[in-house]
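> Have a look at the structure that comes next, please.
The values are calculated or read from the model by the stated rules, or taken from the named source; none is laboratory data. Note that the structure is predicted; figures quoted are calculated from it, not measured. For neighbour counting, all protein chains shown are included, and Cβ atoms are generated from backbone atoms with ideal geometry for every residue, glycine included.
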Amino acid sequence: MISEHQTQKKSNTRSLVNVIGASSVGTLIEWYDFYIFGSLATILATKFFPEGNSTAAFLSTLATFAAGFVVRPFGALFFGRLGDLIGRKYTFMVTLLLMGGATFLIGLVPDYETIGFMAPLLVLVLRLLQGLALGGEYGGAATYVAEHSPAEGRGFWTSWIQITATAGLFVSLIVILLTRTSMSKEAFDDWGWRVPFWVSILMVGVSYIIRRNMHESPLFAKVKAEGKTSTNPLKESFGNKFNFKFVLLALFGATMGQGVVWYTGQFYAMSFIKTVCNVDALQADGLMSIALLMATPFFVLFGWLSDRIGRKGIMLAGMLVALVAYRPIYERMYQATNLANKQEITAATIKDSVVMANPKVAEASIMTKTVKKEYTDGTKLTEVTKLKIAADPNAEPAKAEVKKTVSINDDDRWTLIWLVFIQVFFVTMVYGPIAAFLVEMFPTKIRYTSMSLPYHIGNGVFGGLLPAVATYLATGAKEANMAAEKASEALPYATPYLEGLWYPIIVAAVSFTIGLFYIKNRPVAAEE
Amino acid sequence: MNTIKRLLGLVWLGLAALSGYYGITALGIPKLTSGKTDDLVFGIIIVFVLMPIIVGGLVTFGLYALQGEYNDETN
């Protein structure tokens, strides 16, 4: 009898591993598809948006990036409804194909110089399709895995789905890194950046074949066989006060805080290292990849732990330590790469200046000044200043574009790796248990719809807007300081580069407080 | 605990008003009126997406909390 029981248990575990493997691979690919756009934001800005101020071009891409996130809740509603009506399996097959197709097509869109405004328009439409697909995918995969898992191990098993978001970002960075290193910088800037988009179609093909053979979730199949599926999941989820109050609680007490911690630890950290610390893009991608890889196992650890001590405590502790630690962490990141703290080897400085004809304006020219500096600790700085010289000598001089690239030494690289690792560790605390937490809040018949919306508003809207809002706050502080300096007044901000962090800190603090008072450690069980 | 939960409802209502005011005056309007296309997109997202979610969501949440919807006996 015992042996029969053990054999059955082993067979169930094996079947669960297959379910999780097939679901996770597909979800990982969707995250990969979604994040290569963000990881390549800087280069996409130069390809698809009108030339001019580079910060404006960068913000444009962030806005498109945000648009991709903002549309996610609509995908959650559309595909969530489908998932609760016809089933989880078919719905997330559709989202996989939609995402793969849109990603591949982004890699084919000609740039702005070739087709003008059609280029950013097409990219925007495809980005919106990606957002819609992702909005449908995650809730489906999390629900599907949770509905296969035993209640006492739901945190552990769903944590494998939670890994996929960070793993997708990791794979995107690795693919970009491999593409960058396999060709010259010019070739990558010219066409090589398209390769990571094209690679997606192969991965989606493999995932489609794996997922095709999967069965419908047993809980949903049972509900469907009993004729108890919802006829109007949207109305039952959001028009029913009893359920809607839990949707709001999930959003404000959990996913909102989790979303900003996720995007600060992974995207804002990357953006800060590249654009504020001016670390070389290749080095930045490399160190981010190492930090992500080191922290990834903790998703499973915290998922497992949440089955034992409850989900609430772990998630809220993650938000609390994050909001307390962000400013010291970012100050340390800034100072580790601050050239004012380093000693320059003046004899090693190389200066070069070239004037070339401006290919876009007749009789105008571009002066490029390059300064290379070395520091005693091995840090290297390359500063390229481009100044457009108008054909008319009386014309107002254009503002010089300055691009700094800092190549950091090994010690500073490891300092940054550990500082990013700590942030991703916070992410694993808030994100590891959240799929199980959300699934347990809602009943089977409207679970896909009900859990997807707060998840994607929390992550897509609150989290997705983080880079744009934080950049705006930091830029505002920097400009205020510059204006004060010009007027010989005291500087209003001592650390303008840290001002952007107020957004995640405030949002996480509100979410922590709501979660602390209103969420129960053992959520309402929703097995039916 | 239930009394605290109810009273905190007032805090969420106040927070909704405060974030709506600052979100629109400090973030939304400056972006919408800057005259730059990029700012316009950002301003639209702030004013028409983020703010309604924050304000509408927190007002509803605050009202539910005040009505005792989140009290232990009703959960």
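> Hey, any hits in the stretch B:29-39 for a residue that's within 20 Å of A:Ile506 (Cα to Cα), touching a Gly at 6+ places or on another chain (Cβ under 6 Å) and not β-branched (Val, Ile, Thr)? Steps first, please.
Initial filter on the stretch B:29-39 (within 20 Å of A:Ile506 (Cα to Cα)): none.
No, there is no match, as no residue in the stretch B:29-39 is within 20 Å of A:Ile506 (Cα to Cα), touching a Gly at 6+ places or on another chain (Cβ under 6 Å) and not β-branched (Val, Ile, Thr).
Residues checked against (1) more than 30 Å from A:Phe298 (Cα to Cα); (2) β-branched (Val, Ile, Thr); (3) free of Cβ contacts under 8 Å to residues at least 60 places away in the same chain:
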position: A:Ala340; (1), (2), (3): yes, no, yes
position: A:Ala348; (1), (2), (3): yes, no, yes
position: A:Ala357; (1), (2), (3): yes, no, yes
position: A:Ala364; (1), (2), (3): yes, no, yes
position: A:Thr379; (1), (2), (3): yes, yes, yes
position: A:Asp392; (1), (2), (3): yes, no, yes
position: A:Lys404; (1), (2), (3): yes, no, no
position: A:Asp410; (1), (2), (3): no, no, yes
position: A:Tyr431; (1), (2), (3): no, no, no
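Conditions (1) of a type in the set (Lys, Arg); (2) out of contact with any Asp or Glu (no Cβ under 7 Å at 6 or more places or on another chain); (3) farther than 30 Å from A:Ser217 by Cβ; (4) not in a helix (DSSP H, G or I), marked per residue:
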{"residue": "A:Gly155", "(1), (2), (3), (4)": "no, no, no, no"}
{"residue": "A:Gln162", "(1), (2), (3), (4)": "no, yes, no, no"}
{"residue": "A:Thr166", "(1), (2), (3), (4)": "no, yes, no, no"}
{"residue": "A:Arg180", "(1), (2), (3), (4)": "yes, yes, yes, no"}
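> Another question, then. Which condition breaks for A:Glu186 when tested against (1) surrounded by fewer than 18 Cβ atoms within 10 Å (Cβ to Cβ); (2) within 14 Å of another protein chain (Cβ to nearest Cβ); (3) more than 22 Å from A:Phe69 (Cα to Cα)?
Unmet condition: (2).
> Here's something else I'd like to know. Quick one: what pairs do we get from the stretch A:455-484, first residue in the same structural domain as A:Glu137 (by TED's automatic domain parsing) and surrounded by 21 or more Cβ atoms within 10 Å (Cβ to Cβ), second outside any helix (DSSP H, G or I) and modelled with pLDDT under 90, C-beta under 8 Å, 6+ apart or different chains?
That search, which allows pairs on different chains as well, returns A:Gly460/A:Val71.
> Got a sec? Which strands (runs of 3 or more DSSP E) wholly within the stretch A:316-404 have at least 2 residues that are surrounded by fewer than 11 Cβ atoms within 10 Å (Cβ to Cβ) and either at pLDDT below 95 or of a type outside the set (S, T, N, Q) (or both)?
Of the strands (runs of 3 or more DSSP E) lying wholly inside the stretch A:316-404, those with at least 2 residues that are surrounded by fewer than 11 Cβ atoms within 10 Å (Cβ to Cβ) and either at pLDDT below 95 or of a type outside the set (S, T, N, Q) (or both) span A:350-357.
Okay, residues lined up against (1) under 14 Å from A:Leu249 (Cα atoms); (2) among the hydrophobic types (A, V, I, L, M, F, W, C):
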position	(1), (2)
B:Ile4	no, yes
B:Leu7	no, yes
B:Leu13	no, yes
B:Gly23	no, no
B:Thr33	no, no
B:Phe48	no, yes
B:Asn71	yes, no
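> Could you say whether any residue in the stretch A:189-196 is under 30 Å from A:Val430 (Cα atoms) and either among the hydrophobic types (A, V, I, L, M, F, W, C) or surrounded by 23 or more Cβ atoms within 10 Å (Cβ to Cβ) (or both)?
Yes, that holds for at least one residue.
> Could you count how many residues in the stretch A:344-367 are touching a Phe, Trp or Tyr at 6+ places or on another chain (Cβ under 6 Å) and farther than 30 Å from A:Thr471 by Cβ?
Matching residues across the stretch A:344-367 total 0.
> A:Lys312 passes all but one of (1) without any contact (Cβ under 8 Å) to a residue 60 or more places away in the chain; (2) within 14 Å of chain B (Cβ to nearest Cβ); (3) buried (at least 16 other Cβ atoms within 10 Å of the Cβ); which number fails?
(1)
> If A:Tyr326 meets every condition in (1) outside the structural domain of A:Ser271 (by TED's automatic domain parsing); (2) of a type outside the set (A, V, I, L, M, F, W, C); (3) in contact with a Pro (Cβ under 8 Å, 6 or more places away or on another chain) apart from one, which number is that one?
Exception for A:Tyr326: condition (1).
> Let me ask something else. Which count do you get for residues in the stretch A:131-159 that are farther than 11 Å from A:Val439 by Cβ, surrounded by 24 or more Cβ atoms within 10 Å (Cβ to Cβ) and not aliphatic (A, V, I, L, M)?
7
> Name the residue, out of A:Lys520, A:Lys478, that is among the charged types (D, E, K, R), over 25 Å from B:Leu18 (Cβ atoms) and within 11 Å of chain B (Cβ to nearest Cβ).
The match here is A:Lys520.
> I'm trying to understand the selection: among the residues of the stretch A:202-221, which are among the β-branched types (Val, Ile, Thr) and free of Cβ contacts under 8 Å to residues at least 12 places away in the same chain?
A:Ile209
Residues checked against (1) closer than 30 Å to A:Arg327 by Cα; (2) within 14 Å of chain B (Cβ to nearest Cβ); (3) modelled with pLDDT under 90:
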residue: A:Phe242; (1), (2), (3): no, yes, no
residue: A:Lys245; (1), (2), (3): no, yes, no
residue: A:Ala250; (1), (2), (3): yes, yes, no
residue: A:Ala254; (1), (2), (3): yes, yes, no
residue: A:Val260; (1), (2), (3): yes, yes, no
residue: A:Ile273; (1), (2), (3): yes, no, no
residue: A:Gln283; (1), (2), (3): yes, no, no
residue: A:Leu287; (1), (2), (3): yes, no, no
